Structure formats: structure tokens, C-alpha cells
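Worksheet: the structure to be examined is printed underneath.
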Number of protein chains: 2
Amino acid sequence: METVSENACFGGVQGVYSHSSKSCSCDMTFGLFLPEEAQSGPVPVLWYLSGLTCTHENAMVKAGAQQWAAEQGIALIFPDTSPRGEGVADDDAYDLGQGAGFYVNATQQPWAPHFQMWDYVAEELPALVFKEFSLEPELQAITGHSMGGHGALTLAMGLPGRFKSVSAFSPISNPTKGDWGRKQLSAYLGEDESKWAAHDATLMMQEHGFDGPVLTDTGTKDQFVDLLMPESLAQACAARRQVSTLRMQPGYDHSYFFVSTFMEDHVAFHAEALYGG
Amino acid sequence: METVSENACFGGVQGVYSHSSKSCSCDMTFGLFLPEEAQSGPVPVLWYLSGLTCTHENAMVKAGAQQWAAEQGIALIFPDTSPRGEGVADDDAYDLGQGAGFYVNATQQPWAPHFQMWDYVAEELPALVFKEFSLEPELQAITGHSMGGHGALTLAMGLPGRFKSVSAFSPISNPTKGDWGRKQLSAYLGEDESKWAAHDATLMMQEHGFDGPVLTDTGTKDQFVDLLMPESLAQACAARRQVSTLRMQPGYDHSYFFVSTFMEDHVAFHAEALYGG
């Protein structure tokens, strides 16, 4: 693992690190915020998964999460959204290939050799960060934005017992039914739709639910709301009697201005689950 | 004036607008955050001037200022740092020409026709925003980062009575003495150093001072601290008995991670001057 940068930030350290990834067969970069408390012992962890076109950097510089994580003594991890590099397959569209890994393990060509983002975020990166940093593996929570909200919800439900709480900002909530989903799931996983179900938050909610609280925020003026389908997840949560708070926020859109507005609420929500549980 | 974008943000609106600038003889773009309170009447204004290489956008997305401005009911204005465009002179170096206007009116070629950033920020942009938006001209404050900290301090002292308070993050504090200053002041204003004095915060503090409180923060690990010379301004403030708080923050560098860490303090400082004065 190599240190790309470390900056003092809200009493802690915002670092960027790169490493050779076995699951993605390329170098991967991630951001990690360690609060001051990490100097005296392991701290809880909040994973933040980003959306289409993002790298590890977008949320790290635009979501305003560090201040609330510092206040709560929680670390933040910002993984990249896909494998990258010259030898890695890509597509001209912004929503497929590099920057659009969708948090799945691709089985189809040309994606399969590198696009193993589920394994990367679920297994390889946790193993690395818990070895290298002062983090408490028993106290993890997860959040994300858009495609990253999809990733957070599906990882949380797909890895029972791993996360104490899950939240999402404008998550892609029912990707097997919409254009943000069907295109990528068919490209990465093939045409057999039964293979897609583990990567659809609404279907996962219907089948499995989550053993902890769920919080989502979506803007009423989100320009992509028809692709996100918050109504599907809302229906599924209510039908399952899932402990959940799903909010539609008046006038907000899909941007980081929206994400940063509600970040305090999300970090406080996770802190309560991590410390109160 | 043209609306480039408007996003809901912390209960208010983060807008981006462009207009044809007379002083800079080109189109200029700026960011403006209006808190919810602006819907019911004019609100106080905090100007934020950015540093070398920045546009109107950097602080708008990375400084985390909107949340505190929303809490205090204060508007934020984010001007660009220079004229821009194909017909505008530029230089290969990052610290001269486009993105490096230094908040002066250039008198030298090839800069003079467009690089009139003092007039733009001091006269033209205020006239526009006070006409177009619900802002209170009697309640203005100013801040900035690096080159923008230099701009904030020199504008505050050069326009007595305009601003209730001034603050700066890692300001270029004595540009007539350092490489971040001598190069630009000689290029824009010529070799007669007597013309530079009005654009040096330390010299302005020695000669004029400021009729209000001053706050600055600079990181002890700022990689550019030798170019910033906070010690010159500190000496001048103390010598003048200027009401001021000049802080060196342990371990912080020059980045927006540093700026965002202390933004709450700066907005609260200005709010006290704007509402308490």
C-alpha cells in the first residue's frame, strides 16, 4: 500500500492510498478519513460508496462528511467506483465501464477480468484497511449516493451481520426495472435476470430485508428520479415492516449540494446505530 | 445576466450565473448562495475570494460554507479569480494570467485590457448582485483563501466602511516581499513598487488598518507558508493594535481540507460582526 497524500482535516487525517488489487487486477485508489480518536484505539467505520463517473475523490472533497465523522469519532472510507487503467475495458458511455462498476462481480466479457467490485468492496479492501489502520471491524456502517446508494443497500442486505446500519442518498433502488441498471446488469452479469436479483435493493428488501435501521433521502426535484424509483424501495420497506426512514426532500436535486445538506443527519443516524447498538 | 444553474442547498439555493463584464471585457461567471431567509427580505453578504488556479466553483463545492451561511441567514458570493476566454491574455505558469488575477487593475500589457479584477469585485459585481438579488448592501463581510485571502484583506482595508469584518485562510500576507506577489505585481502593475503598496495586506495594515475585526488562520504545515509570510501581517496587526485574531493551526496545510475545517469559525465570526454591529 502506498500513501498518495495525507491532509490534516477536522482534527484528524484525510488520507489517499493506492494498492495493487488482486480482485480487480489493477491498482486501486481509496480515500480514508481517520478521526483524532484513532490515535488511541480502533474507531467505527462508515463506508461511503460513490455514484456513476465518480472516483474515490468526489465525496471526499464535496460531501462535507469529515466534520460530522470527526464529531462522532468515526472513520470514513471512500472506495473508487470501478477498476481503472489502460488495460481495463471501458465504454464510451458514462454509465458503463470505468467509473460505473455497479458493485457487482462481472461474469461477462470484456468486463470479467477486472470488474469485480463486489469482491473488492466486500472482501479485499476491508481486509487491507483493517490490517493497516486503527479501525474496529465489529462496528461498520455503510452509505452511498446514487449508484453508490444501490451498492450500499445491496451490500448491507447481501452481507448479513456486517453492517449495523445502512443509508443512501438518492439510491438507484430498483435497477432490474430501469435504464440505470438493466443496461449494466446485462453487460456485467449476462441476460439471465435471475442473476440480477442480488443486486437490486428492492428485490433484496422483499426477499431478505436488513437487520438494522435504514435511512434514505431523495430530492423531489431529482432530475433522475424516474431512474431511481424510490417508490419501489419505499413499497418494499413498508411491506416488509423494515425499520426504515425514507425521506423525499422538497426541492432538492441529485447533486452533491443535496448530499452535503443531509450528511449531518446520515452520520448521526449511523453513529446512533454504531454506538447505541 | 444568465442563470447557469440553481441547486437547492441547506434550505436555500446555490446558484451559478454568468454575465457580460464591462470591467473585464469578457463574460464572467460567479456563484451565489442565497439562504432561505432571502425569500422574505434582503440578507447580509459574505464575499469569498478564491486562490490561484481556482474558478468560482472550487470553494462553492469544497469549502463547506453553505451550511454555516444557512444557519446564520447569510448569502455567499463566489467570484471568479480572473477574466477568462480565448481573447484574454494568459501565461503558461499557473500563477500568472487566467486563474491568477490577484485582485488588481492591471496597467501593463498584455494584461491591461481584461485584468481589472479590483474594479470587478469592488464595483461591477456588487452593483449587479445588489440589483438582481435580495441582499443588504449595508451588511457585507469578506473572506478568502491564499491569493483570495490577500484580496479579502486588501479590499477590506482599501474600501473603508464597506465591510463589517474581514477574515482569511492562509492569506498571501506580504506579496511585495515574496515570490507569490512580486512576479504578479510587476507583471500587472509595472516595476514602480510604490504602485504595489495598496495591494499588500501587511503594508495596508501598517498604513491604514481596518475598522472592524480581523481573523486569519494558517496551517503550521502549510507547504507554501514561506510565500504567505503570516509573520509579517501578525507583526503589523500587533504593532497597530488592530482588533484581530491570527491563528496558526497545528498540522494543517494549504488545502480545502484545512479551509473547510475552520469555515464554521469564520462564518460565525462574520455573523457576529454583521448582526452584532
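Couple of notes before you dig in:
- Label spacing, shortest first and in nm, from B:Ala239 to its equivalents in the remaining copies (7 angstrom along Cα→Cβ): 7.6
- Shape category assigned to region B:188-277 from the gyration tensor of Cα positions, a/c cut at 1.5: oblate
- For B:Ser21, distant residues with modelled amide H under 5 Å away: B:Cys26, B:Asp27, B:Met28
- Considering only chain B, the C-beta nearest to the rotation axis that sends B to A is found at B:Gly64, 2, the distance in whole Å.
- Cβ-placed point charges (K, R +1; D, E -1), dipole of region B:2-276 about Cα centre in debye, nearest 20: 520
- Amide hydrogen proximity for B:Gly15: with H placed 1.01 Å from N in the peptide plane, the residues at 5 or more positions away or on another chain lying under 5 Å are B:Asn7, B:Leu32, B:Phe33, B:Leu34.
- For region B:81-115 and region B:196-234, distance of Cα centres in Å: 23
- Rg followed by Dmax, in Å, when region A:60-211 is reduced to its Cα trace: 15.5, 46
- Accessible area ranking (1.4 Å probe, heavy atoms, ligands and nucleic acids excluded), largest first, for A:Asp226, A:Asp217, B:Asp92: B:Asp92, A:Asp226, A:Asp217.
- Size-normalised alpha-carbon gyration radius of the protein assembly as shown, reference 2.2 N^0.38 Å: 1.02
- Over all distinct Cα-Cα pairs of region B:1-148, the Kirkwood formula returns a hydrodynamic radius of 15.4 Å.
- Rg ratio (alpha-carbon, reference 2.2 N^0.38 Å) - chain A: 0.92
- The local environment of B:Asp200, defined by Cβ-Cβ distances under 13 Å, has a net charge of +1 under the rule Lys, Arg +1 and Asp, Glu -1.
- Chain A - percent relative contact order, Cα under 8 Å, separation 6 or more: 17
- Surrounding net charge for B:Met1, when Lys and Arg each add one and Asp and Glu each subtract one, Cβ distance under 10 Å: -1
- Environment charge at A:Pro83 (Cβ cut-off 12 Å; Lys +1, Arg +1, Asp -1, Glu -1): -4
- Heavy-atom accessible surface of chain B: percent carbon and sulfur, 1.4 Å: 48
- For A:Asp211, label point 7 Å along C-beta direction: distances to other copies, nm: 6.9
- Furthest towards positive pole of dipole, B:Ser23, B:Ser173, A:Gly212, structure part the protein assembly as shown, Cβ charges: A:Gly212
- Alpha-carbon Debye profile of region B:107-193, log10 I(q)/I(0) at 0.11, 0.19, 0.25 Å⁻¹: -0.36, -0.97, -1.29
- Taking a straight Cα-Cα cut-off under 24 Å and skipping sequence neighbours fewer than 8 places away in the same chain, the lysines within cross-link reach of B:Lys22 are B:Lys131, B:Lys195.
- Residues with amide H under 5 Å from that of B:Lys164, placed H, sequence gap 5 or more: B:Gln140, B:Ala141
- Equivalent ellipsoid dimensions for region B:138-252 as semi-axes, Å, which come from the Cα gyration tensor, largest first: 19, 18, 12
- Loop-resident sites, region B:28-111, for GluC sites (Glu not before Pro), counting at most 13 other Cβ within 10 Å (DSSP): B:Glu86
- Shortest-first distances to equivalent copies, position A:Glu272, nm, label 7 Å out along Cβ: 3.2
- Values of log10 I(q)/I(0) for region B:215-258 across q = 0.15, 0.21, 0.30 Å⁻¹ run -0.37, -0.67, -1.06, by the Debye formula with one identical scatterer at each alpha carbon and no solvent.
- Most simply put, the protein assembly as shown has about 50% antiparallel DSSP beta bridges, counting only bridges with both residues inside it.
The values are calculated or read from the model by the stated rules, or taken from the named source; none is laboratory data. All values derive from a computational prediction rather than experimental measurement. With ideal geometry, Cβ positions are generated from the backbone for all residues, glycine too; neighbour counts draw on all protein chains shown. To get the accessible areas, we keep the full protein, side chains included, count just its heavy atoms, and leave off ligands, DNA and RNA. Shrake-Rupley method; radii C 1.70, N 1.55, O 1.52, S 1.80 Å.
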